[in-house]
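Down below is the structure, laid out as structure tokens.
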Amino acid sequence: MNKFQVVSTTIKRLFSLLLQLIKLLFKGAGYIIKRIKKLFRFSITFKITVVYAFIFSLLLFIISASVLGVSGYFLKQQAERNLKRNLIQTTEMMTEEFQSYENYLKEIAEKEDVIFAVSDNRRRLLFSTGDNTITETIGFFHQPIIIQETITIEEQQYILQATKYLRTEDTYMTVLFITLLILNSIAILITLIFGSKTSRKMLRPIEKMTKTVKHISIHQLNTRLDVGSSQDELKDLAETFNAMLDRIEASYQQQNQFVSDASHELRTPISVLQGYANLLDRWGKEDKEVLEESIEAIKSESENMKDLIEKLLFLARADKNLQKLELTEFSMGELMNELVKEAKLIDKTHEFGCDVKEDYIFYGDRKSIKQLLRILLDNSVKFTPESGKISIHQRVWKNHIVIEVEDTGIGIAKEELPHIFERFYCADKSRTKSQGGQGLGLSIAKWIVESHHGKIEVRSTLRVGTKFVIMLPVKKVNN
Ligand SMILES: Nc1ncnc2c1ncn2[C@@H]1O[C@H](COP(=O)(O)OP(=O)(O)OP(=O)(O)O)[C@@H](O)[C@H]1O
Ligand SMILES: [Mg+2]
């Protein structure tokens, strides 16, 4: 390594060391600033009081300064006018009685607290009632008022000068200043005391809210904030918070219900499976009939369980917003024909009708829409007696594709209608269970419709039939 290389590596090392030091310094400064901020965490009460007291003090200062300024100006004007009047009177007297002017100048000077000085036209002082050299005074009026008049007596010119120190006015101004200072200080003190008390009182609900919220846990979701009788924004905040808690509590309870219903639903097929396994264990090895029956039952029950688990997974994904839609353009008529064809293959006991006079192109998730229509068709098959009619048709209404699934089945009682879209809800429990229903189909159907921004409605009459109406919005109806 030559000399140059040694120097350059040393410089590089020093530079990187310096950089690290600067970084460390910045980090340290940031930490200290954070600590200071934490240490001086001023309350809202303090901040409000200080800000208002400051604004109030500023206003008082402006008002007081204006009062002092205007008073000072008028006092000076008044003193000037008085002095002018005095000078005019004195000049007149001097012109009339020049011989004895000194005596009455002294008299007036004493009476009016004025200094008179008489000088000739060459500015030589002839007479003065006091020390007429001008001195600056301490107070509001530093300079005295000086006015002069030229008098001509026997062709001789004299200058009469009057000097007035504004001592009385100064005293008045000092008294006014001290009075204003005391009054302002008292006003600011009162603002500080009452301001802090009032703002603390006004913000007390926040303290209460914080205390209450601190104690809310998942086991105490029924706690609510005290809304109080006032009508201010804090009441709005408390009400909004309570409404949010209502929603959280409702969804938490819904989740709990979902978990317990799901476990309950899963227990039944597992018990059935266990029962058949025991049966097989005992007699299945010898009895061929028992063996076949058990295998068949195990197959069907595990199929049911798979179906249930798939539905549960679908809803869980939907709740977590993980159920994604694959949007494509597809022919709704084609999808409906396909579905009915499949249904006819599986079920020969019902009469199926599919009315697709006009075909419409829909933009959505084809798989989900097929699942939705299959759920409705399955229900119709399940709840319609043999040789009943099941029909599906579509039309267009106000930029919506309207699909109707209708059957001549057992119908749904009026009081059951508002609940059929709830999870695990079965209108006719015994009947539904015998047909293997878990009450999840319609909640999945509702999710699919809503995720396509559509609406699902049901119209039903007991022992006459049921009609599900789905309205799916389309930007432009194109067929
Ligand atoms: N077409 C229909 N006719 C009569 N009742 C119906 C019809 N469709 C739904 N229902 C009633 O609404 C309830 C809820 O339907 P849903 O599809 O959600 O559940 P399910 O069919 O019982 O079970 P799953 O669909 O999960 O297998 C049903 O149990 C049934 O009582
Ligand atoms: Mg169903």
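The values are calculated or read from the model by the stated rules, or taken from the named source; none is laboratory data. It should be emphasised that the depicted structure is a prediction, and the values quoted were computed from it without experimental measurement. Cβ: placed from backbone, ideal geometry, glycine included. Neighbour counts: every protein chain shown. Ligands, DNA and RNA are excluded from the accessible area calculation, which covers all protein heavy atoms including side chains. Shrake-Rupley method; radii C 1.70, N 1.55, O 1.52, S 1.80 Å.
Listed values, structure above:
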{"read-out": "Region 325-473: translational diffusion in µm²/s, Stokes-Einstein, Kirkwood Rh over Cα pairs, 37 °C, 0.692 mPa s", "value": "211 µm²/s"}
{"read-out": "Per-pair calculated FRET efficiency, R0 = 35 Å: Arg124 and Tyr73 via Cβ, rounded to 0.05", "value": "0.45"}
{"read-out": "Where labels lie 7 Å past Cα in the beta-carbon direction, separation of Lys299 and Asp281 in nm", "value": "2.4 nm"}
{"read-out": "Interatomic Cα distance distribution for region 250-315, bins of 10 angstrom, percent", "value": "21, 38, 23, 13, 5, 0"}
{"read-out": "Residues with amide H under 5 Å from that of Ser128, placed H, sequence gap 5 or more", "value": "Val118"}
{"read-out": "Separation between Cα centres of region 61-134 and region 214-252, rounded to whole Å", "value": "79 Å"}
{"read-out": "Estimated FRET transfer efficiency when R0 is 60 angstrom, pair Ser230-Asp355 (beta carbons, to 0.05)", "value": "0.45"}
{"read-out": "Dipole magnitude (debye, nearest 20) for the chain, charges at Cβ of Lys, Arg, Asp, Glu", "value": "1900 debye"}
{"read-out": "Cα-derived Rg over Rh, computed across region 207-255 with Rh taken as Kirkwood radius", "value": "1.00"}
{"read-out": "Two-site FRET efficiency, His453 against Glu112, from Cβ-Cβ distance with R₀ of 56 Å, rounded to 0.05", "value": "0.05"}
{"read-out": "Accessible area (Å², 1.4 Å probe, nearest 10) - Leu221", "value": "20 Å²"}
{"read-out": "Heavy atoms of His142 accessible to a 1.4 Å probe, total area in Å² rounded to 10", "value": "90 Å²"}
{"read-out": "Hydrodynamic radius of region 268-356 per Kirkwood, over alpha carbon pairs, in Å", "value": "17.0 Å"}
{"read-out": "Largest-first ordering by accessible area, 1.4 Å probe, given options Phe4, Phe116", "value": "Phe4, Phe116"}
{"read-out": "Estimated 222 nm signal from helices in the chain, with DSSP H stretches of n ≥ 4 weighted -39500 (n - 2.57), rounded to 500", "value": "-21000 deg cm²/dmol"}
{"read-out": "Filtered trypsin sites (Lys or Arg not before Pro), region 1-102: DSSP coil and at most 12 other beta carbons within 10 Å", "value": "Arg41"}
{"read-out": "Surface share of carbon and sulfur [accessible, 1.4 angstrom probe, percent] for the chain", "value": "58 percent"}
{"read-out": "Phi to ³J(HN,Hα) by Karplus 6.51 cos²θ - 1.76 cosθ + 1.60 over region 76-85, Hz, x for Gly, Pro", "value": "5, 4, 4, 4, 5, 4, 4, 5, 4, 4"}
{"read-out": "Cβ-based charge dipole, the chain, positive-most Cα from Ser196, Gln157, Ile444", "value": "Ile444"}
{"read-out": "Label-reachable residues, region 114-137, where backbone N falls under 18 Å from a point 7 Å from Glu102's Cα toward its Cβ", "value": "115-121, 124-132"}
{"read-out": "Relative contact order (%) - the chain, alpha-carbon pairs under 8 angstrom, separation at least six", "value": "9 percent"}
{"read-out": "Within the chain, percent of DSSP bridges classed antiparallel, to nearest 5", "value": "90 percent"}
{"read-out": "Listed residues Ser196, Ser271, Ser387 arranged by accessible area, highest first, probe 1.4 Å", "value": "Ser387, Ser271, Ser196"}
{"read-out": "Loop sites in region 5-64: chymotrypsin sites (Phe, Trp or Tyr not before Pro), DSSP, at most 13 other Cβ within 10 Å", "value": "Phe40, Phe42"}
{"read-out": "Solvent exposure ordering (accessible area, 1.4 Å, most first) of Val396, Val290", "value": "Val396, Val290"}
{"read-out": "Label-point separation in nm, Arg204 to Lys398, each point 7 Å along Cα→Cβ", "value": "5.3 nm"}
{"read-out": "Neighbour cut-off at most 16 other Cβ (10 Å), DSSP loop, trypsin sites (Lys or Arg not before Pro), region 104-183", "value": "Arg122, Arg123, Arg124"}
{"read-out": "Accessible area per residue in Å² at 1.4 Å probe, computed on the chain", "value": "68 Å²"}
{"read-out": "³J(HN,Hα), Karplus 6.51/-1.76/1.60, whole Hz, each residue of region 394-409, x for Gly, Pro", "value": "10, 8, 10, 9, 6, 6, 10, 8, 9, 10, 10, 10, 10, 9, 10, x"}
{"read-out": "Per-residue HN-Hα couplings for region 200-205 [Karplus 6.51, -1.76, 1.60; θ = phi - 60°; Hz; x = Gly/Pro]", "value": "5, 5, 5, 8, 4, x"}
{"read-out": "For the chain, convex hull of alpha carbons as volume per residue, Å³", "value": "498 Å³"}
{"read-out": "Relative contact order, percent, region 250-315 [alpha-carbon distance under 8 Å, six or more residues apart]", "value": "33 percent"}
{"read-out": "Rounded accessible area of Ser368 (nearest 10 Å², 1.4 Å probe)", "value": "10 Å²"}
{"read-out": "Stretchable slack from Glu149 to Glu329, in nm (0.36 nm times residue separation minus alpha-carbon distance)", "value": "54.1 nm"}
{"read-out": "Debye, to nearest 20: dipole size of region 325-473, +1 on Lys, Arg Cβ, -1 on Asp, Glu Cβ", "value": "360 debye"}
{"read-out": "Pair Asp378, Lys414: separation of 7 Å Cα→Cβ label points (nm)", "value": "3.1 nm"}
